[in-house]
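**Q** Before I ask anything, here is the structure I am working with.
The values are calculated or read from the model by the stated rules, or taken from the named source; none is laboratory data. Just so you know, these numbers come straight off a predicted model, no measurement behind them. Neighbour counts are summed over all protein chains in view; Cβ atoms, including those assigned to glycine, are modelled from backbone coordinates with ideal geometry. Heads up: the accessible areas ignore ligands, DNA and RNA and are worked out on the full protein's heavy atoms, side chains in. Shrake-Rupley method; radii C 1.70, N 1.55, O 1.52, S 1.80 Å.
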Amino acid sequence: MDEEKRITLRLPADLHAWLAAQAKSARRSLNSEIVYRLEVERDNTVADTESP
């Protein structure tokens with residue numbers, strides 16, 4: 001990442017708990033888990049639009 005931006009994110013409690021559990025099982029911070037999942041989704045979306 002060249003530059004980082006801070007945001008305030010409001011999540012439903014159940015989604016927060018699920019993400020926190022996923023982060024813990026992957027040995028990542030909650031922030032890192034959210035960034036990881038967003039990057040994977042972005043990469044999948046880009047790959048889908050580039051496929052013939």
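**Q** 5 Å is the cut-off here: which amide hydrogens, built 1.01 Å from N in the peptide plane, fall below it relative to L11, excluding neighbours closer than 5 in sequence?
**A** Close amide H contacts, sequence-distant or interchain: none at all.
**Q** Rounding to the nearest 10 and keeping the result within 0 to 90°, find how far the Cα-based axis of helix 30-50 lies from the longest principal axis of the chain.
**A** 20
**Q** Tell me the net charge near S25. Cut-off is 14 Å between Cβ atoms, S25 excluded, with +1 for each Lys or Arg and -1 for each Asp or Glu.
**A** Taking every Cβ under 14 Å from that of S25, the sum is +3.
**Q** Continuing with this model, one more query. Let me spell out the model: positive unit charges on the Cβ of Lys and Arg, negative unit charges on the Cβ of Asp and Glu, origin at the Cα centre of the chain. What dipole size does that give, in debye rounded to 20?
**A** Here the chain has a charge dipole of around 400 debye.
**Q** Write down Rg/Rh for the chain, rounded to two decimals, with Rg from the C-alpha atoms and Rh from the Kirkwood relation over Cα pairs.
**A** Values: Rg = 13.4 Å, Rh = 12.7 Å.
On the Cα set of the chain, Rg over Rh gives 1.06.
**Q** What whole-number value in Å² describes the accessible area per residue of segment 1-45 for a 1.4 Å probe?
**A** 95
**Q** Roughly what angle does helix 13-25 make with the longest principal axis of the chain, taking Cα atoms, 0 to 90 degrees, to the nearest 10?
**A** Roughly 80 degrees between the two axes.
**Q** Compute the length gained on full extension between A21 and E50: take 0.36 nm times their separation in residues and subtract their Cα-Cα distance, giving the result in nm to one decimal.
**A** 7.1 nm
**Q** Something else now. Quick one: accessible surface of L30, probe radius 1.4 Å, all protein chains present, in square angstrom to the nearest 10.
**A** 50
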